[in-house]
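All remarks here apply to the structure that follows.
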Amino acid sequence: MYVGKGVIGMQMLMLPILEHYNETQQKILWYLYGNLRQGQHYFKSKYIANDLGLSSKEVGTNLGILSDICDDLKITRWSYSHSTTWMVTQRA
C-alpha cells in the first residue's frame, strides 16, 4: 500500500501509462516502477519475462521501444551476458 506522497505519485503515473502504452508495456512499466522503489536499477530481460509471464524477446523488444518513448524513465541497454541487462533510472 502506498502512503502519503507515493499515492499521489502513483495516481499521476497511472493515467499516462494507461493512455500511451500497450498492455505489455504497461505491465513492464509497473514492474520497473515497483522495483525502482525498492532500490533496484539493473534488470535482466529473462527475469522480467519470468516474473510477468512474457518471453524474453517480448520484454527486450518492448524495453527497446520504451527506451525511446518513455518520458519518466531512462531505460538503457546496459550489457548482454546470457540475457540483456537494462539500466533503469527515473528522469529528473
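Here are a few things to note about the model shown:
- Cα-centre dipole for the stretch 25-89 with unit charges at Cβ (Lys and Arg positive, Asp and Glu negative), debye to 20: 200
- Rounded to whole Hz, the Karplus (6.51, -1.76, 1.60) HN-Hα couplings of the stretch 38-44, x for glycine and proline: 8, x, 7, 10, 10, 9, 8
- Positive contributions from Lys and Arg (+1) and negative ones from Asp and Glu (-1), summed over other residues with Cβ under 15 Å from the Cβ of Ser45, come out at +3.
- Net charge, Thr89 excluded, C-beta distance under 14 Å - Lys, Arg +1, Asp, Glu -1: +2
Here, each number is a calculation from the coordinates, and none is a lab measurement. Bear in mind the structure is a predicted one, so any value in this text is a computation, not a measurement. Glycine gets a Cβ as well: all are built from the backbone with ideal geometry, and neighbour counts include every protein chain shown.
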